[in-house]
Amino acid sequence: MGTAQQPVPFLKGHGTENDFVIIPDPDDRLDLSPAAVARLCDRRAGIGADGLLRVVRATGEAEWFMDYRNADGSLAEMCGNGVRVFARYLQRAGLAKGEGGDLPIATRAGVRRVRFEDDGDITVAMGAAALPGGPAESVTVTVGERSWPARHVDMGNPHAVAFVASLADAGPLREAPAVSPASAYPQGVNVEFVVDRGPRHVALRVHERGSGETRSCGTGACAVMVAAVRRDGLDPAADGRAVTYTVDVPGGRLVVTEEASGAVTMKGPAVIVAEGTLDAEWLYQSWPHQAHISATFPRT
Ligand SMILES: N[C@H](CCC[C@H](N)C(=O)O)C(=O)O
């Protein structure tokens, strides 16, 4: 696999236009620094993506580990759109061997099982949401002069979900909304703004931790659905019946279900767009002048 001398294969893919650079690295040889990941995800000087999926062979329940990184190079516990694209890569490479149609994929948030549907979509068992009480239960999201109460939902990664009158209320979202109390999210948070589109049908915009506003967020769609179920007074556990919501994102549509057990599943598309070769010298070179450029022209 790629070292400082050898070219490094990569692919590009997306799930509802949340896009990723995919780097097969079965033997875990590529030591991708946050700066290298940010360089790869840069939409001008690199390939451009919301995040990076490194494909590493694993041991235990899952044969493959999804090493997910945000566009700024930071780590995140889980990526819902990313795990569908990761599964599509494995399927395309003939590596998707799973029992009974379910393929386990290891992530920092634990193993997630995916299923390839007859309609071409991929369904992910996203685990149960955690709805911590206490200071994080209800937080306040502020953009400019406007503030909204928000609900904290953890899908392996943190989300603050705010229901708004119009998605335009969130403004251009060029920077992270302020969330208070800041102590609720020492590692930062993904913020979703949600409007209703009809019964069990919502639409969102999202500002992602480590990537900025994206066209879609899979874990965010799940967090939004879980918050909407509770806002709408539904209770799958008490009713013993699963509830399904349609979640429209700027890049497409996801279908999210909360089972009576509390388990959340998400169904949506995953597309491999291209494959190519990275110049290893470019990937690993250090760019001292880069600090100057980013200081002078902050990346939008
Ligand atoms: N930015 C997120 C990770 C990616 C989530 C999103 N792309 C998804 O599809 O779930 C975080 O730092 O928690």
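The values are calculated or read from the model by the stated rules, or taken from the named source; none is laboratory data. This one's a predicted model, so the numbers in the text were calculated from it and none came from an experiment. Virtual Cβ from ideal backbone geometry, glycine too; neighbours counted across all protein chains shown. All accessible areas refer to the heavy atoms of the entire protein, side chains included, with ligands and DNA or RNA removed. Shrake-Rupley method; radii C 1.70, N 1.55, O 1.52, S 1.80 Å.
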Checking Ala176 against (1) more than 9 Å from the ligand (Cβ to nearest atom); (2) assigned to a strand (DSSP E or B): exactly one of these is not met. Which one? (2)
Hey, can you tell me all the residues within the stretch 179-192 that are touching a strand residue (DSSP E or B) at 6+ places or on another chain (Cβ under 9 Å) and either over 16 Å from Arg205 (Cβ atoms) or more than 13 Å from the ligand (Cβ to nearest atom) (or both)? Val179, Ser180, Pro181, Ala184, Tyr185, Gln187, Gly188
Say whether the condition of being farther than 22 Å from Arg113 by Cα and surrounded by fewer than 16 Cβ atoms within 10 Å (Cβ to Cβ) is met by at least one residue in the stretch 55-65. no
Going residue by residue through the stretch 237-244, is there one that turns out to be modelled with pLDDT of 95 or more, over 27 Å from Gln91 (Cα atoms), surrounded by 19 or more Cβ atoms within 10 Å (Cβ to Cβ) and within 13 Å of the ligand (Cβ to nearest atom)? no
For the stretch 76-109, give me each residue that is part of a helix (DSSP H, G or I) and either away from the ligand (no atom under 16 Å from the Cβ) or over 18 Å from Asn18 (Cβ atoms) (or both). Leu90, Gln91, Arg92, Glu99, Gly100, Gly101
Which numbered condition in (1) open to solvent by 20 Å² or more (accessible area, probe 1.4 Å); (2) acidic (Asp, Glu); (3) not in a helix (DSSP H, G or I) is the only one that Glu192 fails? (1)
Among the residues in the stretch 24-47, are any within 20 Å of Lys267 (Cβ to Cβ) and either within 16 Å of the ligand (Cβ to nearest atom) or within 21 Å of the chain's Cα centre (by Cα) (or both)? no
